[in-house]
Amino acid sequence: MTTVKELFILVFFFAGFNLFAQETEPVVPVDSETGNILFREVIDEQGTQNQLFNRCIYWLNDFYANPTRVTTIRDVNTGKVEGRHNIRLYYYNEDSVKMTAGTVDYVFVIEMKPGKYRYTISDLKLRAATRMPVERWLNKDDPAYDPRWEDYLRQIAGFFNGWSESLKAKMKPEVKKKEDDW
């Protein structure tokens, strides 16, 4: 029979192990082959390739202020939309004033096939004198490591989670309203 003391020891052991595992996990998804940050998902959705393509264009027009400037490829025949854009990162200084930390450029690709589509977000680069890959922020052993890097990665993950949720919502087929036949 297990005593209460042994039970508490086991609970604390597993809780500590779980906290340690969470600390080593990156905040953003990392491709195991390249080591680069990669947001990618395949979503099953009703519709032909053309229907999905049109919904994607509607989403682009809603999500981006200037969608024609953002997209570099819009090919209805292959069902591919590619674009480049950026997000701003922020931090709070010692006086709790919100400051701009920098701008991160990214590339997105949305590919449609009948009944499904896939998005890929990659090539995240910090805009600076030289375009630094954001993956550097994953290395806590870097001599230039700044604790704010973890927050920047959380901001990136938050932005792209919202980006993908917005896309998924717009890619759903429009619900047809039943006419009131009286």
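Here, each number is a calculation from the coordinates, and none is a lab measurement. This is a predicted model, so every value here is computed, not measured. Cβ: placed from backbone, ideal geometry, glycine included. Neighbour counts: every protein chain shown.
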Exercise. About its Cα centre, what dipole magnitude does the range 71-182 give when the only charges are +1 on Lys and Arg Cβ and -1 on Asp and Glu Cβ, stated in debye to the nearest 20?
Worked result: 440
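Give the shape of the range 112-182 as rounded, prolate or oblate, defined through the alpha-carbon gyration tensor: a ≥ b ≥ c are the square roots of its eigenvalues, a/c under 1.5 means rounded, and otherwise the shape is prolate if a/b is larger than b/c and oblate if not.
Numbers: a/c = 4.39, a/b = 3.01, b/c = 1.46.
Prolate, because a/c is 1.5 or more and a/b exceeds b/c.
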For this session: Give me the number: length gained by fully extending residue 178 to residue 25, i.e. 0.36 nm times residue separation minus the C-alpha to C-alpha distance, one decimal in nm.
Result: 50.3 nm
For this session: Taking the Cα centre of the range 53-108 as origin, work out the dipole magnitude from +1 charges on Lys and Arg Cβ and -1 charges on Asp and Glu Cβ, in debye rounded to 20.
Result: 260
Exercise. So how far apart, in nm, are the two label points at residue 76 and residue 154 if each is 7 Å from Cα heading toward Cβ?
Worked result: 4.5
For this session: For the range 97-143 and the range 26-70, compute the distance between their C-alpha centroids and round to whole Å.
Result: 14
Exercise. Projected onto the charge dipole of the range 28-171 (+1 at Lys/Arg Cβ, -1 at Asp/Glu Cβ, origin at the Cα centre), which of 73, 90, 138 gives the Cα projection farthest towards the positive end?
Worked result: 73
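What's the ranking of 136-146, 118-128 by average number of surrounding C-beta atoms within 10 Å, highest first? Don't jump to the answer; show the numbers that get you there.
Numbers: 136-146: 11.8, 118-128: 16.8.
Packing proxy ranking, top to bottom: 118-128, 136-146.
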Seminar exercise, completed: Per DSSP, the loop-located chymotrypsin sites (Phe, Trp or Tyr not before Pro) within the range 46-118 having at most 14 other beta carbons within 10 Å are 64
Exercise. Does the range 28-171 come out rounded, prolate or oblate, given a ≥ b ≥ c as the square roots of the eigenvalues of its C-alpha gyration tensor, rounded meaning a/c under 1.5 and, failing that, prolate meaning a/b above b/c?
Worked result: prolate
